[in-house]
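Encoded as structure tokens, the structure appears first; notes follow it.
The values are calculated or read from the model by the stated rules, or taken from the named source; none is laboratory data. Since this is a predicted model, take the numbers as computed values, not measurements. Note: ideal-geometry Cβ built from the backbone for every residue, glycine included; neighbour counts use all protein chains shown.
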Amino acid sequence: MNKKFKLSSIYLVAIFLILYAPIFYLVFYSFNSGGDMYGFEGFTLEWYKEIFQDTRLLIIVLNTIIVALLSAAISTLLGVAGALAIYYARKRQTKNALLSLNNVLIVSPDVIIGASFLIFFTMIGIKLGFISVLLAHIAFSVPIVVLMVLPKLEEMSTSMIYAALDLGASRFDVLTKVILPFITPGIFAGFFMALTYSLDDFAVTFFVTGNGFSTLSVEIYSLARQGVSLGINALSALLFLFTLLLVIGYYFITKKNDRPNRMGVRQ
Amino acid sequence: MGTKSRNYYLIPYVLWIALFVVAPILLVLYYSFFNIEGHFTLENYKKFFTPVYLKMTFSSFWYAFLITFFTFIIAYPTAYLLTKTKHKQLWLLLIIVPSWINLLLKAYAFIGIFGTYGAANKFLEAMGVGGKQILFTDFSFVFVSVYIFLPFMILPIFNALNDLNPSLIDASNDLGASPLTTFKRVIFPLTLDGVKAGCQIVFIPALSLFMLTRLIAGNRVITLGTAIEQHFLVTQDWGMGATIAVFLIIAMVIIMLLTGKRKSGMLR
């Protein structure tokens with residue numbers, strides 16, 4: 001029994017090491033004065049200095065954040081409306097049809113979403129750039145918000161709504177004073193997921209971004225295609241820290257939100 | 001709900017569905033009937049059934065299968081052992097954290113690790129095997145893909161194992177089943193839904209990831225996703241790209257039907 005336990009611990013530890021090694025490898029070499037990821041010559045912060053002095057990169061970071069915040073906010077509004085629409089749908093078939101359509105963008109591979117949006121935007125004459133990227137990010141974040149909010153709505157007891165209506169509340173009052181406060185944790189989780197979806201997206205953005213506009217993921221891709229440069233390492237170290245903060249934030253949101261293992265996995 | 005009230009929430013939501021779910025898919029289908037000169041034709045479909053494209057489709061499926069298979073082989077024991085740990089939710093969270101790191105950064109890390117003078121080759125030299133070309137091979141492509149997909153496979157299997165009623169295992173043991181029989185007859189069948197969900201989550205993106213083939217496999221591996229990207233963004237032959245996209249959508253639907261209905265929507 002004891003030996004079995006040891007073997008299983010070794011297996012788990014190995015998995016953890018493999019999962020984290022590449023990330024720490026990147027972070028470690030971001031301090032390398034040697035200029036490549038092969039031999040560590042000496043400690044330096046010059047790569048961090050370099051990326052903070054790179055105005056073009058800073059603008060891209062700013063773009064990425066603006067797109068993420070705007071798309072998360074708008075898709076949260078749309079997603080909450082969507083969840084309410086599904087919740088209020090009277091027929092079971094309508095409900096299921098809406099849910100299936102909702103899930104199409106969640107299961108579709110990124111290339112399909114990217115390619116189809118590229119056709120769509122060119123067709124209706126939207127210039128590729130900030131607007132097309134923003135619209136695409138809103139579009140693929142909506143279904144995830146719906147999925148985060150809907151369970152909360154379904155959890156809510158309908159007698160609360162009837163009680164409010166009996167006591168003379170208008171439909172608007174029911175929404176703002178009864179429903180919204182109850183589903184707030186779901187809305188936060190949805191907003192948060194939308195934010196991370198947008199920050200993380202590469203493939204869809206890559207298709208609809210055009211020439212003038214770039215987000216961080218697209219920029220990293222074009223840098224990485226040119227080979228190793230430790231600026232990317234420094235950038236990834238900062239992004240790793242940022243991701244950790246997001247994870248911690250999300251952990252606390254879902255903890256309030258009951259079942260923690262329901263968390264969406266990201267890709 | 002309120003008998004007279006209309007479902008106004010449907011308006012923005014249905015608009016979203018029409019514009020960003022239905023319209024793009026129909027447009028892909030529409031474009032697949034046009035050749036590069038913009039004439040209505042079926043030649044894209046004819047072209048798809050030539051050996052070049054069929055071979056590419058086949059190898060794309062083969063790689064996706066390999067990736068899914070190895071991910072599963074590694075993920076199942078991990079998920080199983082995770083359910084046996086104390087503080088399992090915390091450990092699970094730690095497994096999931098790497099999946100939140102931008103995929104391109106992870107791919108980039110492997111460019112360094114698998115490079116000619118990278119850590120992997122240094123390790124091989126220290127072992128006495130000697131340096132090898134690792135980057136830009138099939139091995140590196142499958143390895144990095146498995147690395148990236150591992151957390152997505154672990155999570156659904158973990159959830160399935162976690163929901164398993166332990167008294168069933170006790171009952172099986174009491175009735176004299178060996179641990180292996182218990183696993184084969186009780187644990188595995190009852191966690192099959194999690195396995196299916198995991199395979200679906202891994203297989204579909206494995207067919208379509210194009211950045212990995214570009215960065216790690218050095219264009220040696222061409223998946224359906226790479227071909228679509230190539231046609232849309234490099235050769236500008238949207239019709240052919242759309243045709244491949246149609247087949248990818250068909251493959252996706254078939255896989256989803258095969259792996260059954262998945263309740264908890266988790267990711268793309």
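Quick test for you: out of B:Leu82, B:Leu26, B:Leu103, B:Leu10, pick the one residue that is surrounded by fewer than 19 Cβ atoms within 10 Å (Cβ to Cβ) and either within 11 Å of another protein chain (Cβ to nearest Cβ) or touching a Cys at 6+ places or on another chain (Cβ under 6 Å) (or both).
On the way: B:Leu82 fails: surrounded by fewer than 19 Cβ atoms within 10 Å (Cβ to Cβ); B:Leu103 fails: surrounded by fewer than 19 Cβ atoms within 10 Å (Cβ to Cβ); B:Leu10 fails: surrounded by fewer than 19 Cβ atoms within 10 Å (Cβ to Cβ).
Exactly one of B:Leu82, B:Leu26, B:Leu103, B:Leu10 is surrounded by fewer than 19 Cβ atoms within 10 Å (Cβ to Cβ) and either within 11 Å of another protein chain (Cβ to nearest Cβ) or touching a Cys at 6+ places or on another chain (Cβ under 6 Å) (or both), namely B:Leu26.
Which fully enclosed helices (runs of 4 or more DSSP H) of region A:68-159 have 3 or more residues being free of Cβ contacts under 8 Å to residues at least 24 places away in the same chain and within 22 Å of the chain's Cα centre (by Cα)? Don't jump to the end; show me each part of the working.
Numbers: elements: A:92-107, A:110-124, A:130-155.
Because the criterion is at least 3 residues that are free of Cβ contacts under 8 Å to residues at least 24 places away in the same chain and within 22 Å of the chain's Cα centre (by Cα), the helices (runs of 4 or more DSSP H) in region A:68-159 that meet it are A:92-107.
Please tell me if A:Asn233 is surrounded by fewer than 14 Cβ atoms within 10 Å (Cβ to Cβ), of a type outside the set (Phe, Trp, Tyr), in contact (Cβ under 8 Å) with a residue 12 or more places away in the chain and at negative phi. Show your work before the answer.
Details: surrounded by fewer than 14 Cβ atoms within 10 Å (Cβ to Cβ): no; of a type outside the set (Phe, Trp, Tyr): yes; in contact (Cβ under 8 Å) with a residue 12 or more places away in the chain: yes; at negative phi: yes.
No: the conditions fail for A:Asn233.
Could you list, in sequence order, the residues of region B:29-50 that are surrounded by fewer than 18 Cβ atoms within 10 Å (Cβ to Cβ), away from chain A (no Cβ under 14 Å) and not basic (Lys, Arg)?
Here is the first cut: in region B:29-50, the residues surrounded by fewer than 18 Cβ atoms within 10 Å (Cβ to Cβ) are B:29-30, B:33, B:35-43, B:45-47, B:49-50.
Subset that is away from chain A (no Cβ under 14 Å): B:35-37, B:39-43, B:45-47, B:49-50.
Residues satisfying the conditions are B:Asn35, B:Ile36, B:Glu37, B:His39, B:Phe40, B:Thr41, B:Leu42, B:Glu43, B:Tyr45, B:Phe49, B:Thr50.
I'd like the full set of residues that are in a helix (DSSP H, G or I) and touching a residue at least 60 places away in the same chain (Cβ under 8 Å), limited to region A:40-64. Write out each step before concluding.
First, pick out the residues of region A:40-64 that are in a helix (DSSP H, G or I): A:46-53, A:55-64.
Across region A:40-64, the qualifying residues are A:Trp47, A:Tyr48, A:Glu50, A:Ile51, A:Leu57, A:Ile60, A:Val61, A:Asn63, A:Thr64.
Please work out if B:Phe65 is touching a Phe, Trp or Tyr at 6+ places or on another chain (Cβ under 9 Å), in a helix (DSSP H, G or I), aromatic (Phe, Trp, Tyr) and surrounded by 22 or more Cβ atoms within 10 Å (Cβ to Cβ). Talk me through it step by step, then tell me what you get.
Values: touching a Phe, Trp or Tyr at 6+ places or on another chain (Cβ under 9 Å): yes; in a helix (DSSP H, G or I): yes; aromatic (Phe, Trp, Tyr): yes; surrounded by 22 or more Cβ atoms within 10 Å (Cβ to Cβ): no.
It is false that B:Phe65 is touching a Phe, Trp or Tyr at 6+ places or on another chain (Cβ under 9 Å), in a helix (DSSP H, G or I), aromatic (Phe, Trp, Tyr) and surrounded by 22 or more Cβ atoms within 10 Å (Cβ to Cβ).
Mind listing whichever residues of region A:25-63 are within 11 Å of chain B (Cβ to nearest Cβ) and loosely packed, with under 13 Cβ neighbours inside 10 Å?
A:Gly39, the sole residue that qualifies.
Would you be able to tell me the number of residues in region B:116-153 that are of a type in the set (A, V, I, L, M), surrounded by 21 or more Cβ atoms within 10 Å (Cβ to Cβ), within 9 Å of chain A (Cβ to nearest Cβ) and in contact with a Gly (Cβ under 9 Å, 6 or more places away or on another chain)?
Residues that pass the stated criteria total 0.
Exactly one condition in (1) in contact (Cβ under 8 Å) with a residue 60 or more places away in the chain; (2) within 11 Å of another protein chain (Cβ to nearest Cβ); (3) among the hydrophobic types (A, V, I, L, M, F, W, C) is false for B:Ile67; which is it?
(2)
Take the conditions within 15 Å of B:Thr68 (Cβ to Cβ), within 9 Å of chain A (Cβ to nearest Cβ) and in a helix (DSSP H, G or I) and apply them to B:Leu212. Does it pass? It would help to see each step written out before you state the result.
Working: within 15 Å of B:Thr68 (Cβ to Cβ): yes; within 9 Å of chain A (Cβ to nearest Cβ): no; in a helix (DSSP H, G or I): yes.
Here the answer is no, as B:Leu212 does not meet what is asked.
Scan region B:76-122 for residues that are in contact (Cβ under 8 Å) with a residue 12 or more places away in the chain and among the basic types (Lys, Arg) and report the count.
Of the residues in region B:76-122, 2 are in contact (Cβ under 8 Å) with a residue 12 or more places away in the chain and among the basic types (Lys, Arg).
Scan region A:143-155 and give yes if some residue there is modelled with pLDDT under 95, within 7 Å of another protein chain (Cβ to nearest Cβ) and on the phi < 0 side of the Ramachandran plot, otherwise no.
Yes, there is a match, as at least one residue in region A:143-155 is modelled with pLDDT under 95, within 7 Å of another protein chain (Cβ to nearest Cβ) and on the phi < 0 side of the Ramachandran plot.
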